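Read the structure below first, then the notes.
Just so it is clear, none of the values below were taken in a lab; they were calculated from the coordinates. In this text, all values refer to a predicted model and were calculated from it rather than measured experimentally. Neighbour counts are summed over all protein chains in view; Cβ atoms, including those assigned to glycine, are modelled from backbone coordinates with ideal geometry.
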Amino acid sequence: MKEIRWHGRGGDGAFTAAKLLGLAASVFGGKYGQAFPSFGPERRGAPVLGFTRISDEVITDHSQIYTCDCVIVLDDTLCDVTDVFAGMKAGGTLVINTTKSEEEIRSLYHGNDPVNVVLLDATSIALEELKAPIVNTIMLGAAMGATEMVQKTQLEEAIDSMMAPALREKNKKAMARAYDLVKGGAQG
Amino acid sequence: MSKKAFLSANEAAAHGVRLCRPDVVAAYPITPQTTLVEKLADFLADGEADFRYMMVESEHSAMAAALGASMMGARTFTASSSQGLLYMCEMLSYVSGARHPVVMVDANRATATPWNIYGDQRDVFAMRDSGWIMLFAENGQEALDMVIQAYKLAEDPEVMTPVMVNLDGFTLTHTYDLVEIPEQEEVDAFLPPFKTSNKLDLEDPKTLCQTVGPDFHMEGRYLQQQAFEKAKEKIAAYDREYGEMTGRSYGGMIEEYRCEDAELVLVTTGSVSGTTRIVVDCLREEGKKVGMIRVRSYRPFPKEYFDSIKDRFAAMGVIDRSLSFGLEGTLYSEVKAELYGGSAKLVNFIVGLGGRDIPKDLIAMMYDKLDRMQKNEAEEEVQFLGMRW
């Protein structure tokens with residue numbers, strides 16, 4: 001069972017990305033997936049959470065996610081108001097949209113286990129590829145490039161299946177760019 | 001070929017409704033309504049379904065409209081939640097007493113005050129004696145399957161009773177999961193078009209006797225009770241029939257999980273059952289003889305089943321996401337009444353009110369308490385678990 005937590009702000013598509021991942025893993029990846037938001041009313045701009053579970057077996061767990069294999073942070077200002085490393089499993093991966101240094105991000109981690117930190121200036125990629133600072137599919141691509149929980153083609157199928165036609169091609173391109181960038185070991 | 005999709009339980013239930021080819025959907029679209037009726041509106045707008053969508057001005061009116069439509073022989077659906085269900089309360093008994101087989105979904109959410117939109121089951125249990133059949137689904141797939149079976153059950157000539165399908169608010173309604181959507185032809189074969197003589201018809205004018213004096217009133221109530229007794233066997237029979245068609249069968253009014261040689265069992269409803277399965281599996285690996293009994297049908301209540309297991313387990317705990325103030329958990333009262341005179345030690349765990357999470361370690365703690373009770377250690381009968389203090 002892989003457990004993934006998304007940190008975003010209301011309206012930035014964090015939960016859409018959490019759903020895309022569950023869809024890619026289950027319908028297109030042959031595994032089981034589950035996705036849920038931080039329950040309750042959403043206010044634009046307020047910190048929100050999204051969650052995804054991926055498993056080879058049927059997922060019957062309906063409790064919250066407390067430990068994570070991967071945490072994805074869409075907006076690094078969230079680090080000021082929340083502990084993005086909370087519940088990180090040993091060997092887990094934090095993927096964050098930031099222009100800060102790795103040292104600065106790692107200084108937020110107070111655990112003793114080894115964790116991976118992947119930095120990406122997703123906002124710049126978004127402005128180039130999407131002409132808007134919307135980073136959800138880019139961060140999805142980056143996180144999956146880093147962890148390979150699902151394949152790039154499965155993410156492309158999920159985007160085709162869930163997103164509006166006008167958004168598909170550019171989001172697939174932006175997602176794939178981030179996937180390849182991170183998988184190659186480089187950091188944007 | 002059925003199709004797999006990644007859906008919330010609300011969306012899954014909406015697919016279930018679509019596949020049942022309803023004639024009328026009546027809904028009040030404002031809070032505390034759910035995304036279920038939004039999805040139905042999408043189906044209608046996209047030409048994937050063909051029904052009359054009645055947007056009304058309140059939940060009370062939604063149920064009144066459902067009653068009117070059903071009185072014309074229409075297959076009718078509505079959905080609500082929380083305060084909305086409470087506001088429907090008056091009309092619920094009109095529908096059930098007049099024996100109109102409306103199906104509704106209730107997203108189980110806390111009742112005010114304090115206002116809280118999150119999951120618990122106090123809304124449905126407040127409607128206990130409304131005369132509706134009340135079923136509880138564990139996940140999105142069961143939500144879809146249960147809606148389809150609910151129409152078959154409600155419209156059965158020997159039942160003719162409305163059915164409320166209950167989905168834990170947010171924990172199910174807003175959680176996305178892999179769901180198999182049956183083919184329309186499959187559902188058509190399982191669920192024939194709704195036909196009834198209990199309707200208004202210009203060709204065959206009659207009164208539906210919605211006002212009855214003391215000379216006949218009791219007989220009507222007796223017949224309702226008979227219908228619920230009939231429903232008991234039909235719930236299991238239709239579940240089997242559906243299972244033969246789709247490969248998915250859930251077990252009738254209750255489902256036992258790893259109970260064969262169990263000594264300690266938890267009684268559950270809805271989504272917490274799935275989490276409990278994981279805890280049962282873990283404890284079984286440690287050699288503990290634990291199991292789970294999931295209640296799928298609250299009305300009719302599986303009275304005979306609980307009566308038959310009075311002495312089967314050493315200790316039993318009932319998980320309630322509701323309570324009746326001044327007494328105990330709602331489900332616990334009824335399970336305890338049926339187990340009266342038996343040897344099992346009983347305890348009631350009240351958890352998950354107002355959306356509080358029910359984590360696995362809390363469920364493990366419940367089994368631990370049952371274990372202590374089996375060893376004759378004292379436990380308070382009614383316990384609130386997972387509290388801030």
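Values for this structure:
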| item | result |
| --- | --- |
| Estimated dipole of the stretch B:3-246 in Debye, rounded to 20 [Cβ of Lys and Arg +1, of Asp and Glu -1, Cα centre] | 460 |
| ³J(HN,Hα) computed for each position of the stretch B:326-331 - Karplus, 6.51 cos²θ - 1.76 cosθ + 1.60, integer Hz, glycine/proline x | x, 10, 5, x, 5, 5 |
| DSSP bridge pairs, chain B: antiparallel proportion in percent, nearest 5 | 25 |
| Given charges at Cβ of Lys, Arg, Asp, Glu: the protein assembly as shown dipole, positive-most of B:CYS209, B:GLY291, B:SER322 | B:SER322 |
| Rounded to the nearest 20 debye, dipole of chain A from Cβ charges on Lys, Arg, Asp, Glu | 420 |
| For chain A, average projected area of the Cα convex hull in nm² | 10.0 |
| Formal net charge of residues neighbouring B:ALA236 (Cβ-Cβ distance under 11 Å; K, R +1; D, E -1) | 0 |
| Computed Rg/Rh of chain B, alpha carbon atoms with Kirkwood Rh | 0.97 |
| GluC sites (Glu not before Pro) within the stretch B:304-377, DSSP loop, no more than 16 other Cβ atoms inside 10 Å | B:GLU377 |
| Cα-centre dipole for the stretch B:45-110 with unit charges at Cβ (Lys and Arg positive, Asp and Glu negative), debye to 20 | 240 |
| Approximate spin-label separation B:ASP368-A:HIS110, in nm, with each point projected 7 Å along Cα-to-Cβ | 2.5 |
| Filtered trypsin sites (Lys or Arg not before Pro), the stretch B:303-389: DSSP coil and at most 11 other beta carbons within 10 Å | B:LYS375, B:ARG388 |
| Theoretical FRET efficiency, 1/(1+(r/R0)^6), r = Cβ-Cβ of B:LYS303 and A:ARG168, R0 45 Å, to 0.05 | 0.25 |
| Amide hydrogen neighbours beyond the local backbone of B:PHE77, cut-off 5 Å, H modeled | B:VAL24, B:VAL25, B:ALA26 |
| Positive-end residue, the stretch B:3-246 charge dipole about Cα centroid, Cβ charges, pick of B:GLY243, B:GLY169, B:ALA45 | B:GLY169 |
| Net +/- balance of residues flanking A:CYS79 in space, Cβ distance below 11 Å, scoring K and R +1, D and E -1 | -4 |
| Beta bridges per DSSP with both ends in chain A, % antiparallel, nearest 5 | 50 |
| The stretch A:79-126 and the stretch B:233-257: distance between their alpha carbon centers, rounded to Å | 48 |
| Radius, Kirkwood style, for the protein assembly as shown when every pair of distinct Cα atoms is counted (Å) | 25.1 |
| When each of A:LYS19/B:LYS4; A:LYS19/A:LYS152; A:LYS2/B:LYS39 is checked by Cα-Cα distance, pairs over 19 Å | A:LYS2/B:LYS39 |
| DSSP-defined antiparallel bridges as percent of all bridges, the protein assembly as shown, nearest 5 | 35 |
| Residues of the stretch A:10-52 with amide N under 13 Å of a point placed 7 Å along Cα→Cβ from A:ALA132 | A:11-14 |
| Cut-off under 5 Å, modelled amide H: who pairs with B:ASN108 long-range | B:LEU167, B:ASP168, B:GLY169 |
| Peptide A:62-69 - average C-beta neighbours from other chains (10 Å radius) | 5 |
| From phi via Karplus (6.51, -1.76, 1.60), per-residue ³J(HN,Hα) for the stretch B:222-237 in Hz, x at Gly/Pro | 4, 5, 4, 4, 4, 4, 5, 5, 4, 4, 3, 6, 5, 4, 5, 5 |
| Vicinal HN-Hα couplings computed from phi for the stretch A:173-178 (Karplus, 6.51 cos²θ - 1.76 cosθ + 1.60; Hz; Gly/Pro x) | 5, 5, 4, 5, 4, 5 |
| Rh (Kirkwood; distinct C-alpha pairs) - the stretch B:254-384, Å | 14.5 |
| Sequence-distant residues sharing a close amide H with A:ILE72 (under 5 Å, placed H) | A:ARG5, A:TRP6, A:HIS7, A:VAL95 |
| Proximal lysines relative to B:LYS195, as straight alpha-carbon distance under 21 Å, when same-chain residues fewer than 8 apart are discounted | B:LYS152, B:LYS206, B:LYS230, B:LYS234 |
| The stretch B:144-201-the stretch B:306-369 distance, computed between alpha-carbon centres (Å) | 29 |
| Radius 11 Å from Cβ of A:GLY141, net charge of other residues (Lys, Arg +1; Asp, Glu -1) | +2 |
| Over the protein assembly as shown: helical MRE at 222 nm, DSSP H runs n ≥ 4 each giving -39500 (n - 2.57), nearest 500 | -12000 deg cm²/dmol |
| Evaluated over the stretch A:12-53, the Cα radius of gyration and Dmax, each in Å | 11.3, 35 |
